[in-house]
Amino acid sequence: MDEAPSALDVIERQTAVLVRHFEMLNRRTAVHDDLDRAEYLMLRTLDDCGPMDINSLAATLGLDPSTAGRQLSALQQAGLTTRSPDPEDRRRSIVAPTEEGLRAMERVRLRRTDSLADLLADWSQTDLDTLGAMFGRYNRAVAAKHLAPPPVKPDRPTATATATR
């Protein structure tokens, strides 16, 4: 008689399938035509948390600072972010999104939201709330174990809190 898979076995398998589905949806939709996923998440993080130095942004996103620096250079060349000297330590640069960067991020956010609304149109509000809460809880567990906490932007929720909405 076969034993039912454990909850962790089910979660492990489903996360593997979920990642594959995210990759497939990215290839088959125009959601990220304006910004790739890395650019979108950087701009979204800067919007949620406020301007920050490259090392803080890299730590918040779980990136190597050199990778974050390359990605930010591309965003700056595209006119989507700015860098300015940190007033407290002129050796560091503070990165901020430009108005165009925020508009581009918002366009992608709306396309992503519309795509999700279409995909999940037959789900109940309770199911949507549950999925959002569980994704938020999962992301907080990953962040607590592997990421530096994001700096808190005055009068704005943290990126983790935003992810749970």
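A short reminder: the numbers here are calculations on the coordinates, not readings from a lab. The structure displayed is predicted, hence computed values, not measured ones. Every residue, glycine among them, receives a Cβ derived from its backbone with ideal geometry; neighbour counts consider all protein chains shown.
Computed on the chain, with alpha-carbon pairs under 8 angstrom and 6+ residues apart, the relative contact order is 27 percent.
Its Cα centre serving as origin, the stretch 1-123 has a Cβ charge dipole (Lys and Arg +1, Asp and Glu -1) of approximately 460 debye. Summarised as an ellipsoid, the chain has semi-axes of 32, 19, 15 Å, derived from the eigenvalues of the Cα gyration tensor scaled by 5 and square-rooted, with the largest first.
Filter the DSSP H helices in the chain by two things, a Kyte-Doolittle mean of at least 0.0 and an axial alpha-carbon span of 15 angstrom or more, and list the hits by number. TM-like helix candidates: nothing returned. In the chain, helices alone account for a calculated mean residue ellipticity at 222 nm of -20500 deg cm²/dmol, with every DSSP H run of four or more residues adding -39,500 (n - 2.57). Peptides 65-74, 87-96, ordered by how many other C-beta atoms sit within 10 Å of their residues on average, highest first, read 65-74, 87-96.
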